[in-house]
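Step one of this worksheet: look at the structure below.
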Amino acid sequence: MNAYVRNPNMKTRISLSIFTIIGLFILGGTLRSDLQGAASGPTPRVTAIKQVTNDGYQKTSLLSDDSNLFVTEVPGTNRMIAKLDLTGSSRVVLPTPFSSLQALDLSPDRSKLLISSTSKDSGESEFWTLPVPSGKPARMGDLGGRDASWSADGKQLVFAKDSDLLVANADGSEAHKTYSAAGSVFAARFSPDGKRIRFTVSDAEHNTVSLWEVGKDGAKAHMLLPDWPLKATACCGNWTADGKYYIFQASETISSTNIVVTSLWALPESKKETNPGPTQITAGPMSFGNAFPARDSKNLWAIGVQPTVEVVKYEGKKKQFVPVIGGLSATDVDFSSDGKWIAYVAIPEGTLWRARADGSERLQLTLDSERAALPHWSPDGKQIAFASVKPGSSWKLSLVSAEGGNPHEMLSENGSQIDANWSPDGERMMFGEFNRDQNGLKIRIINFKTNEITTIPGSDGLFSPRWSPDGRYIAAMSPNGTDMMLFDFKTQKWTTWLKEPAGAFSYPSWSADSKYLYFDDFVTGAEAIRRVKVGKSEAETVFELGSLERYPGALGPWTGRAADGSFMFVRDRSTQEVYQLSLELP
């Protein structure tokens, strides 16, 4: 596991890219009765789709005043807001003093945007208002957090901070917590009458998201669709202006292609119908997300994405990134100890594969129904340990033969395991845990010969363990992600090795000689690979990543090491464009 998904600011970045897709869109289609319901009469539907942008930029959110789109784009390493005339005649970047920002909402009178920008001092997201089409941004008190939005009358503000849902006055004053969820909260929206709040809760341990609703005063909190088949993937909704429908997105795997497709759904607010369940309004194979309805409820805008990635490695002498294997759309690549084979996770399918180092002789090792992550070869090259998760379940460690066959879980117990570390002789494996409650975290070692499981002394609360190649040390992170801890098997003691801002330690890895620990740093200055030497307490920069556009995987943007020791990354080659969807909402 890496620290990236535990950093709330970075978690927002992932949640904004929560949907994945493949291919071209198709309207209509046959919908399953268990999802669609049996209501008779006219149902919501999309009658036409028009592509609005074709610029190739990554996009994370969009808003509209019905004349212009305000799109948060990621053309490089920073986010910016572009204003696009819906007639297609102009595109301008809104001038701001911020190096990276996110458009969150548009005021009811369409005069200003609600934006967030990461503070250079604290590293937290701050809320600001930005007049449109031009003007100076104004700070909203001392508020900060995730995914803020105004009420329909413009008098109130709702936003999230970690697992808390908070409400404030529209100017940011009198902020107070109204509800605490069992997971990270994002995409909070007031109902049109201002009495209720709908939001999404992310459960990273079980790899699920779900829609929730609570009264403005924190009363009557409940999951919105507790019996719906896709409840574990539903998220990120917006009400239509007339309040008749709630438009949200949900994902499912298409069995015929094993591709994860995200569709838009319309949930009617009326309770008079026989079956007032959600109605699917887009039906793959292209996915849509980040929907924003027009004020007349006759159109909505959404981002459509076609995911594809490539694994690249950094060549220090040339100071450039080059493909590891041409045509391989994958992440989490691990080389066997002899460098002749690789294990990897296919994108977008999420299945585990093995192949020769040149990409030939590919063999699928896991079922289509589970998502794999972080494979690691055994020292003898005969087995692969990996983490996998099924919808609604926890991350589990499994072993599979490199020649194929049925994988088997290492531990028959509740809880969540991740981060497999082989001992040099292959007879033991160290692993960590991935629990929502940090008090449940600990680091353990299983002996395959005796089946004995031991706990590393003093490891309570620590996560993301890394065993040094010489077997002497363990590096692990503190619960808040700010301290890199070092355990010495000779002294049987932990010491604080290095202190950095939360989110700085991502995908740590040891050097082959066990003298250095390398890590991917997203938050301290420029995005870079840094390292710290055993016996030292200061880190140094190895190289900066520059404008590399990285893919936000299931456990954050991945970093690994190639057979030659060079650093590997996953370059995002996905296309993300804005589409206008014409609606019929009876």
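Within the assembled protein chains, the solvent-accessible surface assigned to V523 is about 50 Å², based on a 1.4 Å probe. Applying both filters, DSSP loop and at most 13 other Cβ atoms within 10 Å, to the chymotrypsin sites (Phe, Trp or Tyr not before Pro) of the stretch 144-223 eliminates every site. Restricting attention to the stretch 469-542, lysine pairs at least eight places apart or on different chains and with alpha-carbon atoms under 17 angstrom apart total 6.
In this rough spin-label picture, where each label sits 7 Å from Cα along the Cβ direction, the R139-E427 distance is 6.0 nm. Expressed as a whole percentage, what fraction of the accessible surface of the chain belongs to carbon and sulfur atoms when a 1.4 Å probe is rolled over the protein heavy atoms? The computed percentage sits at 48. A full extension of the chain between S107 and S393 corresponds to an added length of 99.0 nm, given 0.36 nm per residue minus the alpha carbon distance.
Would you please state which residues of the stretch 565-585 a label at N54 would reach in this model, taking the label point 7 Å out along Cα→Cβ and a backbone N cut-off of under 18 Å? Residues 575-581 fall inside that zone. For K155, a cut-off of 18 angstrom between C-alpha atoms picks up these lysines, skipping any fewer than 8 places away in its own chain: K112, K177, K195, K216. Summarising the label geometry, the points placed 7 Å from Cα in the beta-carbon direction at D380 and V322 lie 3.6 nm from one another. Taking each residue as 0.36 nm, the span from K120 to K220 lengthens on full extension beyond its C-alpha to C-alpha distance by 32.2 nm.
Pairwise Cα separations in the stretch 100-184 fall into 5 Å bins from 0 onward with the following percentages, short to long: 3, 15, 26, 26, 19, 8, 2, 1.
Calculate, for the stretch 439-586, the solvent-accessible area per residue in square angstrom, rolling a 1.4 angstrom probe over the heavy atoms of the protein chains.
Numbers: 6030 Å² over 148 residues.
Accessible surface, normalised per residue, equals 41 Å².
Straight-line cross-link reach from K396 at under 23 Å between alpha-carbon atoms covers these lysines, not counting any fewer than eight positions away in the same chain: K11, K231, K382, K442, K449. Let a ≥ b ≥ c be the square roots of the eigenvalues of the Cα gyration tensor of the stretch 427-523; is it rounded (a/c under 1.5), or, if not, prolate (a/b larger than b/c) or oblate? Verdict is oblate for the stretch 427-523.
Extension gain K493-A241, at 0.36 nm per residue separation less the Cα-Cα distance, in nm? Walk me through the numbers before you get to the answer.
Details: separation 252, 0.36 × 252 = 90.72 nm, distance 5.99 nm.
My answer for the length gained is 84.7 nm.
Please return the longest range in the chain lying between exposed loop sites, taking GluC sites (Glu not before Pro), DSSP loop only, at most 11 other beta-carbon atoms within 10 Å, and leaving the sites out. Counting at most 11 other Cβ atoms within 10 Å as exposed, the longest clean stretch of the chain is 175-360.
Think of it as helices only: each DSSP H run of n ≥ 4 in the chain is worth -39500 (n - 2.57), and spread over all residues that comes to -500 deg cm²/dmol at 222 nm.
Grab the beta carbon distance between D513 and S360, set R0 = 35 Å, and tell me the FRET efficiency rounded to 0.05. List each step's numbers first, then the result.
Numbers: r = 32 Å, r/R0 = 0.91.
So, using R0 = 35 Å, E works out to roughly 0.65.
Modelled this way, with points 7 Å down the Cα-to-C-beta line, the labels at T455 and E269 are 5.0 nm from one another.
The residues of the stretch 303-387 have, on average, 41 Å² of accessible surface per residue, using a 1.4 Å probe with all protein chains present.
The values are calculated or read from the model by the stated rules, or taken from the named source; none is laboratory data. Treat the numbers as computed from the prediction; the structure is a model and nothing was measured. Quick reminder, even Gly has a Cβ in these numbers, built from the backbone with ideal geometry, and neighbours come from all protein chains shown. The protein model used for the area step is the full one, side chains on, heavy atoms only, and it has no ligands, DNA or RNA in it. Shrake-Rupley method; radii C 1.70, N 1.55, O 1.52, S 1.80 Å.
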